[in-house]
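Chemist: The structure is given below, and queries will be raised subsequently.
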Amino acid sequence: MKTAKTKALLLANIGQLVTLRAASGVSGPRRGVQLNELAIVEDGAVLCLGGNIVSVGTTKDALGDPWIRKQRKRITEIDCTGKVVIPGFVDSHTHPVFVRPRLVDFEKRIEGASYEQIAAEGGGIRSSLEGVRNSAKAVLKQKVLAVLRDMAAHGSTTVEAKSGYGLTLESELKSLESIREAASLWPGTVVSTLLGAHVVPKEFQGRSQNYVEIVCREMIPRAARRNLAQFVDVFCDKGAFTPEETEQIFAAADEHKVPVRAHMGQLSETALEPFFRFNPVSFDHMDHVSDVDVTQLAKLDTVATLVPGANYFLGLKKYPNARRLIDAGVPVALATDYNPGTSPTVSMPMAMSLACTQLRMTPAEAICAATINGAWALRLADRKGSIEPGKDADLAVFDVQDYREIPYWYGTNRCQTTVLNGIVTTRE
Ligand code: NIG
Ligand code: FE
């Protein structure tokens, strides 16, 4: 079911309306105890008009409002009795432009091989390149669109989408174009990221500097000129790009006024200090990070985006130390890291469940990290991530009575209705 964007929409009788409205005096991404503050309204109501939220409060107040009383027949109403409504998830880290699952890698890992070993033997990211290079843009677009729809069915309304499985100028631009075209057919919000620096492709083996030059001198300028990427990302780790190469790529992005983010500390620790001058919006993974850097991050608005789906799917015993980050005051976000190698899931509730059981985040912290802090990690917090008048009408209705059930019922989808920029989609 879809309703027109301009028609007024009222969600009423909401058992728990999780607004995440910032407490007075709170600005910037949520940190420390702020991550537990959900600002829940019981028996709540939300009125949306023209794709925006216009009022948030109790059902009683909404039904007593003279404008709503007068317009009632013209308003589309969704009865949310016994349900929980939260801001639509902001999935701030995904890699949807690929063609095939990596089932051989999956089986090799079950037999005991590590992610790094598989990559060194020709599997891993490099084995996804051929599919993207040889596919028409229309094929990639359909793949991305199907993923976006699946994500929306699980409650996501804003999605960051990276290129990174082409790794030639032409196929990276094709990937970004496929994201843009898929986004134009999806009612939610898509933020695209150029990840030309995912790994050094085989044909540049032993000449990584030549490849970095292509990223800096060709990919970034072209993507920036055509406004195809809102961010530039780098996989900075052993087997991928060095800190020096990452700095070089960040400098090129800076030159073209494209903000940066990075895969950091997934496999090994990298000192973060040299990157702070680029004001990165987010460091993602963060399994390995020093005490000195944790202290520094607590003073910045750079978000630490945790992606526990990757640890789960790689069968790792260790997960990022969320408690250490949160207790130190680092703003933490959660994302799926949807990709064919380490995290083939579209489900933010699954990422939240892992955050609770493996990272020992509270359900409230997990919701904050999956919504408002994801919005901060995309520089969209003025429009996304909380249910407040003036923000975009992005909502997820869950068929549960208590918000803690969202991460509790793992492996099953309890999201019933998603509102994306005012457009309602309900699961059959
Ligand atoms: O976030 N670490 C780099 N990128 C992805 C994995 C990509 C892949 O294996 O295809 C990640 O885990
Ligand atoms: Fe990733």
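The values are calculated or read from the model by the stated rules, or taken from the named source; none is laboratory data. It should be emphasised that the depicted structure is a prediction, and the values quoted were computed from it without experimental measurement. FYI the Cβ positions are ideal-geometry reconstructions off the backbone, even for glycines, and counts take in every protein chain you see. Heads up: the accessible areas ignore ligands, DNA and RNA and are worked out on the full protein's heavy atoms, side chains in. Shrake-Rupley method; radii C 1.70, N 1.55, O 1.52, S 1.80 Å.
Chemist: Can you tell me which residue among Gly265, Gly329 is over 19 Å from the mean Cα position of the chain (by Cα) and at positive phi? Please lay out each step first, then the result.
Modeler: Numbers: Gly265 fails: over 19 Å from the mean Cα position of the chain (by Cα).
Criteria check complete, one pass: Gly329.
Chemist: Continuing with this model, one more query. Show the residue pairs that are 6+ apart or on different chains and have beta-carbon atoms under 6 Å apart, the first residue being within segment 22-47 and farther than 13 Å from Gly329 by Cβ, the second being of a type in the set (Gly, Ala, Ser) and surrounded by 14 or more Cβ atoms within 10 Å (Cβ to Cβ).
Modeler: Pairs that qualify, where the first residue is farther than 13 Å from Gly329 by Cβ and the partner is of a type in the set (Gly, Ala, Ser) and surrounded by 14 or more Cβ atoms within 10 Å (Cβ to Cβ), are Asn36/Ala364; Leu38/Ala364; Ala45/Ala12; Ala45/Ala62; Leu47/Ser55.
Chemist: For segment 36-65, enumerate the residues that are in a loop (DSSP other than H, G, I, E, B) and either farther than 17 Å from Thr76 by Cα or of a type in the set (A, V, I, L, M) (or both).
Modeler: Of everything in segment 36-65, those that are in a loop (DSSP other than H, G, I, E, B) and either farther than 17 Å from Thr76 by Cα or of a type in the set (A, V, I, L, M) (or both) turn out to be Glu37, Leu38, Ala39.
Chemist: Could I ask something else about it? Say whether the condition of being away from ligand 2 (no atom under 16 Å from the Cβ) and either closer than 23 Å to Asp43 by Cβ or in a helix (DSSP H, G or I) (or both) is met by at least one residue in segment 93-101.
Modeler: Looking for residues that are away from ligand 2 (no atom under 16 Å from the Cβ) and either closer than 23 Å to Asp43 by Cβ or in a helix (DSSP H, G or I) (or both), one finds none in segment 93-101, hence no.
Chemist: From (1) open to solvent by 10 Å² or more (accessible area, probe 1.4 Å); (2) within 16 Å of ligand 1 (Cβ to nearest atom); (3) among the aliphatic types (A, V, I, L, M), pick out the condition that doesn't hold for Leu380.
Modeler: Condition not satisfied by Leu380: (2).
Chemist: Determine, yes or no, whether Phe275 is under 27 Å from Glu245 (Cβ atoms) and either open to solvent by 10 Å² or more (accessible area, probe 1.4 Å) or within 16 Å of ligand 2 (Cβ to nearest atom) (or both). So that I can check it myself, show each step before the final result.
Modeler: On the way: under 27 Å from Glu245 (Cβ atoms): yes; either open to solvent by 10 Å² or more (accessible area, probe 1.4 Å) or within 16 Å of ligand 2 (Cβ to nearest atom) (or both): no.
So Phe275 does not fit the description; no.
Chemist: Scan segment 317-342 for residues that are crowded, with 24+ Cβ neighbours inside 10 Å and acidic (Asp, Glu) and report the count.
Modeler: 1
Chemist: From the residues in segment 217-274 that are polar (S, T, N, Q) and farther than 16 Å from Thr302 by Cβ, which one is farthest from ligand 1 (Cβ to nearest atom)?
Modeler: Asn227
Chemist: Looking for something of a type in the set (Asp, Glu) and either closer than 26 Å to Glu428 by Cβ or open to solvent by 60 Å² or more (accessible area, probe 1.4 Å) (or both) - is there at least one such residue anywhere in segment 119-126?
Modeler: Scanning segment 119-126 turns up at least one residue that is of a type in the set (Asp, Glu) and either closer than 26 Å to Glu428 by Cβ or open to solvent by 60 Å² or more (accessible area, probe 1.4 Å) (or both).
Chemist: Continuing with this model, one more query. For segment 114-176, which fully contained helices (runs of 4 or more DSSP H) count at least 2 residues that are under 30 Å from Cys415 (Cα atoms)?
Modeler: Ranges flagged: 137-153.
For every residue, the table says whether it meets (1) basic (Lys, Arg); (2) more than 12 Å from ligand 1 (Cβ to nearest atom); (3) touching a residue at least 12 places away in the same chain (Cβ under 8 Å).
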{"site": "Lys108", "(1), (2), (3)": "yes, yes, yes"}
{"site": "Gly112", "(1), (2), (3)": "no, yes, no"}
{"site": "Ser127", "(1), (2), (3)": "no, no, yes"}
{"site": "Glu130", "(1), (2), (3)": "no, yes, no"}
{"site": "Lys137", "(1), (2), (3)": "yes, yes, yes"}
{"site": "Leu140", "(1), (2), (3)": "no, yes, yes"}
{"site": "Leu145", "(1), (2), (3)": "no, yes, yes"}
{"site": "Arg149", "(1), (2), (3)": "yes, yes, yes"}
{"site": "His154", "(1), (2), (3)": "no, yes, yes"}
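Chemist: Looking only at segment 21-63, filter to residues that are at pLDDT below 95 and on the phi < 0 side of the Ramachandran plot; which one of those is most open to solvent (accessible area, probe 1.4 Å)?
Modeler: Selected residue: Ser24.
Chemist: Does segment 150-171 contain at least one residue that is within 16 Å of ligand 2 (Cβ to nearest atom), of a type in the set (Asp, Glu) and either open to solvent by 40 Å² or more (accessible area, probe 1.4 Å) or under 28 Å from Glu218 (Cβ atoms) (or both)?
Modeler: The answer is yes; a qualifying residue exists.
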